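The values are calculated or read from the model by the stated rules, or taken from the named source; none is laboratory data. Everything numeric here is computed off the predicted structure, so don't read it as measured data. Every residue, glycine among them, receives a Cβ derived from its backbone with ideal geometry; neighbour counts consider all protein chains shown.
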Amino acid sequence: MLKHILFLIFSAIFLVTTNAVAHSSNAFERSTITITQSLNYDAKKANINPSIIKTIVRIFSWEIDFNKDLRKGDRFIIVGNSGANPSAIIYTSLKKRIALFAYTDQQGRTDYYDKNGRSLHASFLKAPLKYNRISSEFQRKRLHPILKTWKPHRAVDFTAKTGTPVYSSANGVVQHRKRMGALGNVVYIKHGNTYTTVYAHLSRFARGLRVAQKVKKGQIIGYVGSTGRSTGPHLHYELRYKGIRKNPLTYRLPKQKNVAHDDLWRFKNKANKILNSLNNY
């Protein structure tokens, strides 16, 4: 009887230990996408779940231009389970490493944060310049001051003195920097995978600003002017979500998120364990 009881106790201990080791092992299981052609091509070649590819594009698009930044030999290391939300995803290249870790908040929403508990995407400025007044708001129908016809005005016009600095509303990549018909001197900036801002009627561009350049929130990109079809110095400012113009004054833009303070220690501990497991990888 005693032998039978001891056998059951040792069996239980063995199973618990085995399960703990297996769980620990699964927590740091990893697969790698090595870029040879493109993210989609190489991810499929590595048999990566398509939902993970979508997650990679969503969480890294604020720092990586997937059409221009990726080079042969760059890697995405996926740590943890093979579902849509692995424990961590790490991008490595010759120049940098970006490590993001999963965190589920009290509402059950999972997102990715750096080792300090901050998301990659920054919040947007309320306005991209110091202005005197708003001369024209976002509206479906407006009498155009020059054409004298009723047209939609899917932008906000900020009146300011010629030469007033204009700032990038958030971190992004310059898509266009050119003279464009009625908009005059205009800059388009892409923010992540879904947002674009447009800055028009500029008197001039910031020195050194070029297409494909990465810009930071609050960085000067140009100066107020009256180029193109304009009645006076102002900034014509557009906000686009997935190509659709939104009202910059009322649209709820994403804010930079952080891991909850009460969970931060556990989050950092988990992130460091994952990073330590990759030291020789």
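Evaluating HIS176 against the criteria (1) under 20 Å from VAL156 (Cα atoms); (2) outside any strand (DSSP E or B); (3) modelled with pLDDT of 95 or more leaves one unmet condition, (2). Hey, any hits in region 178-189 for a residue that's out of contact with any Lys or Arg (no Cβ under 6 Å at 6 or more places or on another chain) and under 30 Å from LYS54 (Cβ atoms)? Scanning region 178-189, I find at least one residue that is out of contact with any Lys or Arg (no Cβ under 6 Å at 6 or more places or on another chain) and under 30 Å from LYS54 (Cβ atoms), so the answer is yes. On the stretch given as region 88-134, residues that are out of contact with any helix residue (DSSP H, G or I) (no Cβ under 7 Å at 6 or more places or on another chain), of a type in the set (A, V, I, L, M, F, W, C) and under 18 Å from ALA260 (Cβ atoms) total 1.
Annotation: GLN256 fulfils all but one of (1) loosely packed, with under 13 Cβ neighbours inside 10 Å; (2) in a loop (DSSP other than H, G, I, E, B); the unmet one is (1).
Name the residues in region 81-100 that are without any contact (Cβ under 8 Å) to a residue 60 or more places away in the chain and within 20 Å of ALA46 (Cα to Cα), would you? Correct list: ASN81, SER82, GLY83, ALA84, ASN85, PRO86, ILE89, TYR91, THR92, SER93. Taking the criterion of being at positive phi and either part of a strand (DSSP E or B) or touching a strand residue (DSSP E or B) at 6+ places or on another chain (Cβ under 8 Å) (or both), the residues of region 182-221 that qualify are GLY184, GLY192, HIS201, ALA212, GLY218.
Which condition number in (1) surrounded by 14 or more Cβ atoms within 10 Å (Cβ to Cβ); (2) at pLDDT 95 or above; (3) more than 26 Å from the chain's Cα centre (by Cα) is the one that ARG142 fails? All conditions are met except number (2). Just one of (1) in contact with a strand residue (DSSP E or B) (Cβ under 8 Å, 6 or more places away or on another chain); (2) loosely packed, with under 15 Cβ neighbours inside 10 Å; (3) in contact (Cβ under 8 Å) with a residue 60 or more places away in the chain fails for THR104. It is (3). Checking the condition outside the structural domain of LYS115 (by TED's automatic domain parsing) and buried (at least 16 other Cβ atoms within 10 Å of the Cβ), which residue from VAL211, VAL186 passes? Exactly one of VAL211, VAL186 is outside the structural domain of LYS115 (by TED's automatic domain parsing) and buried (at least 16 other Cβ atoms within 10 Å of the Cβ), namely VAL186.
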